[in-house]
1. Go through the stretch 1-54 and name the trypsin sites (Lys or Arg not before Pro) that are in a DSSP coil and have 10 or fewer other Cβ atoms within 10 Å of their Cβ.
2. Among V177, V172, V75, what's the order by accessible area (1.4 angstrom probe), most exposed first?
3. Working out 0.36 nm times the residue gap between T6 and E158, then minus their Cα-Cα distance, what length gain in nm do you get to one decimal?
4. Run the 1.4 Å probe and let me know the accessible area of V44, rounded to the nearest 10 Å².
5. In what order, largest first, do L167, L20 sit by accessible area if the probe radius is 1.4 Å?
6. Could you give the nm distance between label points at Q51 and T35, where each point is 7 Å from its Cα heading toward the beta carbon?
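The values are calculated or read from the model by the stated rules, or taken from the named source; none is laboratory data. Bear in mind the structure is a predicted one, so any value in this text is a computation, not a measurement. Quick reminder, even Gly has a Cβ in these numbers, built from the backbone with ideal geometry, and neighbours come from all protein chains shown. Keep in mind that these areas ignore ligands, DNA and RNA; they rest on the heavy atoms of the full protein, side chains included. Shrake-Rupley method; radii C 1.70, N 1.55, O 1.52, S 1.80 Å.
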Amino acid sequence: MLNGFTTPKDIKSPPELSLLTSTFQHLIPPLSAQTTSVSSIRRVLLFNRTQIQGADGESVDIIDLRHFSISTKPVGLPRTVRKTAASTPALPNLGKLEDVTDFVLNGNDYDSASEIDEDEKVEVPSPSVKQENSGTQQRAIRLTEIGPRLRLELVKIEEGMCDGKVLYHRYVKKTKVY
């Protein structure tokens, strides 16, 4: 996901910004929201561009990079039912319980994830073996930060790999040679 990489239409963006935007767009293959299944998306990268004031008074472009894992859970189920419904090889031990309701209710043991805001809910097609049972179910989406937090600053753009012409340099300003 790219955030803050566009400029207003009435302001001409600097060439280094358009090159930087193009580079980040081509790092990761694009997804089509209409054809991509929700269950196949496991991670998201966030590139956020902000401007801060540098020591010399100029505005400096900073790119914050964050890496998240995406997980979904069924909405409105107790934790014990969610654990049982998950595809785990071990079955719960119900030998010490009087009734199965003791396991399901477990003293109304709902965790805080079962009380989820309306903004965090999404409807996804339910995985079903039979077509007539297929429908949609509500699931809660949770983002968990898994990667390092990086704060990047564009200093230099070179044509080629370490030996080409310098296209942009933040600290070295040269006039055109005629």
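1. For trypsin sites (Lys or Arg not before Pro) across the stretch 1-54 that sit outside H, G, I, E and B with at most 10 neighbouring Cβ atoms in 10 Å, the list reads K9, K12, R42.
2. Final ranking, largest accessible area leading: V177, V172, V75.
3. 52.5 nm
4. The value for V44 is about 30 Å².
5. I get L167, L20, largest accessible area first.
6. Result for the modelled spin labels: 3.8 nm.
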